1. Condition first: surrounded by 15 or more Cβ atoms within 10 Å (Cβ to Cβ) and of a type in the set (Val, Ile, Thr). Now tell me which residues in region 256-295 satisfy that.
2. Only one residue in GLY309, GLY354, GLY280, GLY285 is at negative phi, free of Cβ contacts under 8 Å to residues at least 24 places away in the same chain and more than 21 Å from the chain's Cα centre (by Cα). Which one?
3. Out of all the residues in region 298-305, is one or more touching a helix residue (DSSP H, G or I) at 6+ places or on another chain (Cβ under 8 Å), among the small types (Gly, Ala, Ser) and outside any loop (DSSP other than H, G, I, E, B)?
4. Which one of these does THR386 not meet: (1) at pLDDT below 90; (2) of a type in the set (S, T, N, Q); (3) not in a loop (DSSP other than H, G, I, E, B)?
5. Restrict the check to region 381-404 and report whether at least one residue is acidic (Asp, Glu), closer than 29 Å to LEU431 by Cβ and surrounded by fewer than 14 Cβ atoms within 10 Å (Cβ to Cβ).
Amino acid sequence: MTKWRLISASENPARLVLTAFTALIVAGTALLRIPAAFDGTQPSLLDSLFTSTSATTVTGLATLNISEFSALGEVIILILIQVGGFGIMALGAILSVVASHRMGLHQRKLAAAEFGTLDNGVLAEIDLRGILRRVAEITILVELVLGFILFLRLWTGGYENFARSLYSALFHSISSFNNAGISLYSDSLERFSGDPFLLIPMSAAFILGGFGFPIIIEVLRQVRGTATVGVRARRRGLARIDPKRWSLHAKITVTATLTLIVIGPLVFAALEWANPSTLGPLDIGEKLLTSWFQGTTPRTAGFSTIDIGGLQEPTLLFVTTLMFIGAGPASTSGGIKITTFAVLAFVIWAEVRGRNDVNVFGRRLSRGVVRQAITIALLSVGLVITTALILVGTMDVTLTPALFEATSAFGTVGLSTGLTAELNGVSRALLTIVMLAGRIGPMTFVTAIALKKRDLPYRFPEERPIIG
């Protein structure tokens, strides 16, 4: 299969990704303002823009109830979720492959920028066309399987009639795998809070989507390689997956994700177990199910089975932390990404132990990776805190809910204490920008607005200031 050599980017692909997402948001805004897209009173331009941005960036925050949109409006939102979650440039590249079985360098660069395969403006030596084709196959397969499971439960469980069950299953399947957290129901998923046959498949889908396509593809390649060895290997397919052979990226992402999957529900349950506004009135089984769901959804999807506004302040801060971390790179989640968080943790651990090198799973992290992680984290902290302070200054709200809402927008999560529905014009415009920044990534966002990288042709003498 053809491999592409390292090619210097003659233009800024990250800026083009920003432009493409902006164009999709504008198009979505225009479509949501046509009379057939809503029932009753036409939404304001700012509300339409906010809704389009929320769907395109797969965030899920809403200033309008989705019931205010017609069936056409819901379909428009669903399309924005699918296209935005997949990456408009990646989708364009795949459509090009399907149509002509050829892909130009220009499209390869745009898709690589969206999927994080650019290294300082250079295309990595990868089979991008094959990767994008696999991404399309995985996306369609997961959404169809999840949709079928949800349809069976909604229909046989008596929640909806046949047609409505089919439509709702498709909508929530796409929303789940793309980590959008947008629901057709005004109470999100609260009406299903005790139904494991709906919540567990949905949580599995958004956790899978949160790993990121590079991880999924790498594991599938190993399964395929195992399965081609022979009949005995095929029978033992999954058992032959060897994490020791994974890339460092896969090891870090999977380990950190599994760690937070365990910690999240446990901490959530411990903090909310007796809270009469959330877990308190539920029986043991529902408490465990809700703790699992609400402990895993903050890093990715943003669905809710309880009233988020009823959470205690320590829980709000904990959930805020999970939303800030996010999930895997090249996934449908926002935040600083779990690998960034893990790298920072490894840096701290190395410094505490007095090590010059940051060693992880038998590999040494480069200074460039460490520098990027620190840059992304600091830029993100600055953006979230600034946003929260502006919300406090422009609205009658305390810091904790403002910080929660700002992080939810940046992490493209969509959980809300109810503040989003009360946002004024300035705050809505602000969160619209923050959602876009969170979707395309802090580093990509900065690269997109920079003219070009300018390295000095010389180096200054080294000197150490006093730290601490």
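The values are calculated or read from the model by the stated rules, or taken from the named source; none is laboratory data. Keep in mind the model is a prediction, meaning the values are calculated, not measured. Using ideal geometry, Cβ is built from the backbone for each residue, glycine included, and neighbour counts are taken over all protein chains shown.
1. Taking region 256-295 and keeping what is surrounded by 15 or more Cβ atoms within 10 Å (Cβ to Cβ), we get 256-257, 260-261, 264-265, 267-269, 271-272, 275, 278-279, 282, 286-295.
Scanning region 256-295 gives THR257, ILE261, VAL267, THR278, THR290.
2. Details: GLY309 fails: free of Cβ contacts under 8 Å to residues at least 24 places away in the same chain; GLY354 fails: at negative phi; GLY285 fails: free of Cβ contacts under 8 Å to residues at least 24 places away in the same chain.
Just a single option satisfies the conditions, and that option is GLY280.
3. Filtering region 298-305 for residues touching a helix residue (DSSP H, G or I) at 6+ places or on another chain (Cβ under 8 Å) gives 298-305.
The next check asks that each one be among the small types (Gly, Ala, Ser); those that pass are 301-302, 304.
Checking which are outside any loop (DSSP other than H, G, I, E, B) leaves us with none.
No; the residues of region 298-305 include none that is touching a helix residue (DSSP H, G or I) at 6+ places or on another chain (Cβ under 8 Å), among the small types (Gly, Ala, Ser) and outside any loop (DSSP other than H, G, I, E, B).
4. (1)
5. Taking region 381-404 first, the residues acidic (Asp, Glu) are 396.
Add one more test, that the residue is closer than 29 Å to LEU431 by Cβ, and what stays is 396.
With surrounded by fewer than 14 Cβ atoms within 10 Å (Cβ to Cβ) added as a condition, the list becomes 396.
Yes, because at least one residue in region 381-404 is acidic (Asp, Glu), closer than 29 Å to LEU431 by Cβ and surrounded by fewer than 14 Cβ atoms within 10 Å (Cβ to Cβ).
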